[in-house]
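Asker: Dumping the structure here so I can ask a few things about it.
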Amino acid sequence: MKINSTVLLTLILLILMMGAGSVSAFLGFELGSSALKGVTAPDGRPTTKFASNKTNTNNSQQGGLVLLKEEEILKIVKARIEGKTKAAKSEKLEDDDEETNSSKQKPEEKPPQVVEEKLQPGFPVTAQSQGVTMSVQSVRYSGGDLLLKVKMQNKGKDSVRFLYSFLDVTDDKGRTLSASTEGLPTELPVNGPAFSGTVSIPTALLDDVKKISLALTDYPAQQLKLEASNIPVER
């Protein structure tokens, strides 16, 4: 009985295996067939190829694809290049016209006018010696000081040097006043430009003063003497 049951079990297993193999083969065949649907073998006949190419060409033309000749392509490219060139030239001409119009519309710039200095009454007070000139152009009070604007120029034959610690400042009563200078040249060249500077005097020394005088000599030769007298300083 044991042998018969073993044989029976073996047969059943073989039948199941064969059935499974058959099912797998059938499923594989079906999958392969569905995958190869629409796939055909290439046709090696030349007449068939020519006919198929002609048909494809007709289909492509019907679908909107147009093949241009080389001459037509060159004409199109040339036309585009000429169009871009003309457009660039027209833009350049427009820019040139705009620049010309802007230059015409832009008003001409006039050179700045030289405004003559308006002098106070009684000025300038000028002193001259051997071609050297010292003139007091104006006076004004500012920050506790009396400021005298002074111009100096040399039209003589030799250059002149000055040491402003030797500048004498006196009031209308003969008293000596302390003063300081700023911007005045230590040397005046021959036929040079006019130099401007300032002489400062403390206002505390000018309570009852109406006029002052300046005296300056060259250094170290002391061959010339510049005296500017009766400079009005009354407030």
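Asker: Can you say whether Leu205 is surrounded by 13 or more Cβ atoms within 10 Å (Cβ to Cβ) and modelled with pLDDT under 95, as far as the supplied structure shows?
Answerer: yes
Asker: Which number in (1) more than 48 Å from the chain's Cα centre (by Cα); (2) part of a loop (DSSP other than H, G, I, E, B); (3) free of Cβ contacts under 8 Å to residues at least 60 places away in the same chain marks the one condition that Arg235 misses?
Answerer: (3)
Asker: Can you name the strands (runs of 3 or more DSSP E) wholly within the stretch 141-197 that have at least 1 residues being within 42 Å of the chain's Cα centre (by Cα)?
Answerer: Correct list: 145-154, 180-182.
Asker: Can we say Lys149 is out of contact with any Phe, Trp or Tyr (no Cβ under 6 Å at 6 or more places or on another chain), surrounded by 14 or more Cβ atoms within 10 Å (Cβ to Cβ) and not β-branched (Val, Ile, Thr)?
Answerer: yes
The values are calculated or read from the model by the stated rules, or taken from the named source; none is laboratory data. Owing to the predicted nature of the structure, the values given are computational and were not obtained by experimental measurement. All Cβ positions, glycine included, derive from the backbone under ideal geometry; neighbour counts span all protein chains shown.
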